[in-house]
Amino acid sequence: MAITNLKTQMDSIVMRTQERILAVTKQAIYDTVDQAQEVRPSGKMPFDTGFLRHSGTSSLNIAPSGPIRGEKAGKYKWSDDTLLSILARMKIGDVFYFGWTAVYARKQEARHGFLESAVMNWQIHVNKAVRS
């Protein structure tokens with residue numbers, strides 16, 4: 001009887017720990033993407049038509065895809081709804097992907113470093129998520 005009770009307690013601890021790890025991971029991912037998507041002057045992402053920022057997309061377990069070229073200036077606005085939806089479905093063991101589909105995204109990243117600077121702050125985002 002005592003061994004069964006101990007196993008139940010350990011299973012409960014493991015489940016709660018996994019839930020906390022996943023919650024911290026999701027929040028840190030959100031904060032990292034949010035920082036990468038932050039436009040100038042406070043962020044590093046350049047902004048002309050808004051297509052680069054708008055082309056940011058996420059998925060689980062497979063690289064995301066989407067349009068590579070924008071149409072009209074000022075038409076595009078970023079919404080984190082898709083990101084939040086993907087993170088809501090994320091489970092332990094899933095691989096999260098985020099990227100920009102704009103054909104010129106790599107060139108802009110090389111020039112401005114919006115992704116690199118956000119990823120370099122990963123531990124800061126994790127620490128913040130742990131505290132909250």
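With in a strand (DSSP E or B) and either over 22 Å from ARG20 (Cα atoms) or among the small types (Gly, Ala, Ser) (or both) as the only criterion, which of SER59, SER65 stands out?
SER59
Which one of TYR104, TYR97 is surrounded by fewer than 18 Cβ atoms within 10 Å (Cβ to Cβ), farther than 27 Å from GLN123 by Cβ and modelled with pLDDT of 90 or more?
TYR104
Kindly list, by first and then second residue, each pair from a residue in segment 82-96 that is free of Cβ contacts under 8 Å to residues at least 40 places away in the same chain to a residue that is buried (at least 16 other Cβ atoms within 10 Å of the Cβ) and not charged (D, E, K, R), limited to pairs with Cβ atoms under 6 Å and residues at least 6 apart or on different chains.
Final answer for the pair search is ILE86/SER58.
Find all pairs meeting these conditions: Cβ atoms under 9 angstrom apart; at least six residues apart or on different chains; first residue within segment 9-21 and part of a helix (DSSP H, G or I); second residue surrounded by 10 or more Cβ atoms within 10 Å (Cβ to Cβ).
So the pair list comes out as ARG20/VAL130.
Surrounded by fewer than 12 Cβ atoms within 10 Å (Cβ to Cβ), among the hydrophobic types (A, V, I, L, M, F, W, C) and in a loop (DSSP other than H, G, I, E, B) - does that describe any residue in segment 74-92?
Yes, there is a match, as at least one residue in segment 74-92 is surrounded by fewer than 12 Cβ atoms within 10 Å (Cβ to Cβ), among the hydrophobic types (A, V, I, L, M, F, W, C) and in a loop (DSSP other than H, G, I, E, B).
When you check GLN35 against the structure, is it open to solvent by 40 Å² or more (accessible area, probe 1.4 Å), at pLDDT 95 or above and under 22 Å from SER132 (Cβ atoms), yes or no?
yes
Take LYS26 and decide whether it is over 18 Å from ALA110 (Cβ atoms), in contact with a Leu (Cβ under 9 Å, 6 or more places away or on another chain), part of a helix (DSSP H, G or I) and basic (Lys, Arg).
Yes; evaluated as a whole, the condition is true for this residue.
The values are calculated or read from the model by the stated rules, or taken from the named source; none is laboratory data. Note that the coordinates shown come from a computational prediction; the quantities given were computed from them, not determined experimentally. In this analysis, Cβ positions are derived from the backbone assuming ideal geometry, glycine residues included, and neighbour counts consider all displayed protein chains. For accessibility, only protein heavy atoms count, side chains too; no ligands or nucleic acids. Shrake-Rupley method; radii C 1.70, N 1.55, O 1.52, S 1.80 Å.
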